[in-house]
Amino acid sequence: MFYGDEKIDFKINSTGTPVIIGTNAQLTLSFAELIATASSVVGDGGGATYGNKIFFDLSANTQVPVQRTKWDFGFYTGSDDFRVILNSSVAMMAKQIDKNDLNAVTAADTTGFSTDVIFNQNDPQTSALAYIDYPSGDLTKTAIASVSATATDNKVYIINRGKGIGSPAPDRGWKKIRVIRNASGGYTLQHADIAATTFSTVDIAKDDAYFFKYVSIENSAVDVEPKKDKWDIAWTYFSNVTNFGAGEVPYLFQDVILQNRNVEAVKVLTSTKTYEAFAESDIASLTFSTTQSTIGSDWRSGGGPNTAPAVRSDRFYVIKDGDNNYYKIRFTAMTKEGERGYPAFEYALVKKGS
């Protein structure tokens, strides 16, 4: 995929007589990204089983669909902390146990986990909230604790890998893991089957071009998110929370919109200002949020046992991307030819970044 910041080098290596190569034998042709001013988009979410997570870059008018079972863990690359996130698009969960030797953990350590560390849409429990990454994207509220510089402080976690893609969705199974820091300044992931007496390791280096680097239990390091300045919002199946009256509980949502960590967003109701009328002069009155689930599932209604899902027409959103471009965006469909998994929206540039 081309992003508009590529370059081509032209170099004269040799010539025939009587041509002589001068002091400048090389020319570099650099490209600058063209900032999209408006577009209508239909995302490739993979259909009714929502098999993809889609990353959208508004300024480049691009989308990158990634199969949502491609990874298990994301490793934060920021210099200020060592954090690990779960693949929330497959309903993964993690529970810490009081051991720090992976080989010493057996099936006996997981007694009761099959009813405890599990998403149960029919009977969601508030206790299960501790085993997911909180949907706001706050890295202090992840199921896996901050990875300590003192190796012995890093405990073993039992991992429910959630559900795969399909109808019915298959179970992805259980694993035990432990994460420590390595001598190179990155992470080392130890992982194994629950009853195994040996484990495999994967080293993950920090990379400032990305917010997270990803690992699959089966395939080690894998590419998932584009570079941090190459996407703004993502559409996905998601481990969200809801409240049925007794407190927040984990609850799986389809059609959730997440924003990147360098992106801000805010909702605008059409009773305040219509999408068509919203202009640059209206930006100053807005209060933007960096919470990754600012849009979340707010753009659509229904979807429960008694109501069909539908796009809310009484609202749109304003997004400030990492380059300070402001876009207004409104969602127009959840389906394509009647099939879920193909979200549609339109957007327009309100203010170009400087």
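Taken together, the values in this text are just the output of simple stated rules run on the coordinates, not laboratory data. Just so it is clear, the structure is predicted and the values come from calculations on it, not from any experiment. Here the Cβ positions follow ideal geometry from the backbone for every residue, glycine too, while neighbour counts run over all protein chains shown.
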Note to self: What percent of all Cα-Cα pairs in the stretch 62-102 falls into each 5 Å bin, going from 0 up to the bin containing the maximum distance?
What the structure shows: 5, 16, 18, 20, 22, 13, 3, 2, 1, 0
Note to self: Under a crude label model (7 Å from the Cα following the beta-carbon direction), how far is S184 from A333 in nanometres?
What the structure shows: 4.6
Next item on the list: Using a Förster distance of 35 angstrom, determine the FRET efficiency expected from the C-beta separation of V42 and D314, and round it to 0.05.
Entry: 0.95
Notebook entry, point to check: So which GluC sites (Glu not before Pro) in the stretch 302-354 are both in a DSSP loop and have at most 16 other Cβ atoms within 10 Å of their Cβ?
Noted result: E337
Next item on the list: Report the full-extension gain for the segment A107 to E346: residue separation times 0.36 nm, less the Cα-Cα distance, to one decimal in nm.
Entry: 81.0 nm
Next item on the list: Describe numerically, in nm with one decimal, the distance between label points set 7 Å from Cα along Cα→Cβ at S200 and at A149.
Entry: 3.2
Check: Considering amide H positions built from the backbone, and no H for Pro or chain starts, which residues 5 or more places from Y210, or on another chain, come under 5 Å of its amide H?
Finding: K228
Checklist line | Relative contact order, percent, the stretch 269-337 [alpha-carbon distance under 8 Å, six or more residues apart] | finding: 28
Checklist line | Residue-averaged 222 nm ellipticity for the chain, from DSSP H runs of 4+ at -39500 (n - 2.57), nearest 500 | finding: 0 deg cm²/dmol
Note to self: Let me check I have the definition right: for the stretch 193-241, take the eigenvalues of the Cα gyration tensor, multiply each by 5, take square roots. What are those semi-axes in whole Å, largest first?
What the structure shows: 27, 17, 8
Note to self: Using only the Cα atoms of the stretch 73-222, what semi-axes does the equivalent ellipsoid have when each is the square root of 5 times a gyration tensor eigenvalue? Give whole Å, largest first.
What the structure shows: 23, 18, 15
Margin query: Once each part is reduced to its C-alpha centroid, what is the distance from the stretch 297-354 to the stretch 129-153 in angstrom?
Written below: 30
Margin query: Relative contact order of the chain, please, whole-number percent, based on alpha carbon pairs below 8 angstrom and at least 6 residues apart.
Written below: 18
Checklist line | D282-R261 FRET efficiency (beta carbon distance; Förster radius 30 Å; 0.05 resolution) | finding: 0.75
Item checked: Radius of gyration and Dmax over the Cα atoms of the chain, both given in Å -> 23.2, 87
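With all distinct Cα pairs included, what does the Kirkwood hydrodynamic radius of the stretch 174-313 come out to in Å, to one decimal, could you say?
Result for the stretch 174-313 stands at 18.9 Å.
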Next item on the list: Return the sequence-ordered ³J(HN,Hα) values of the stretch 184-192 in whole Hz as given by the Karplus equation 6.51 cos²θ - 1.76 cosθ + 1.60 applied to θ = phi - 60°, using x for Gly and Pro.
Entry: 8, x, x, 10, 10, 9, 9, 8, 6
Margin query: List residues of the stretch 85-112, by number, whose backbone nitrogen lies under 14 Å from a label position 7 Å along Cα→C-beta of W174.
Written below: 93-97, 105-112
Next item on the list: Compute the relative contact order of the stretch 73-222 as a whole-number percentage, counting only Cα pairs closer than 8 Å that sit 6 or more residues apart in sequence.
Entry: 28
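To the nearest 20 Debye, how big is the dipole of the chain about its Cα centre, given +1 on the beta carbon of each Lys and Arg and -1 on that of each Asp and Glu? Please report the intermediate quantities before stating the final value.
Numbers: 35 positive and 40 negative charges, 31 e Å.
For the chain, the charge dipole is close to 160 debye.
How big is D, in µm² s⁻¹, for the stretch 66-138 by Stokes-Einstein at 37 °C and 0.692 mPa s if Rh is the Kirkwood radius over C-alpha pairs?
228
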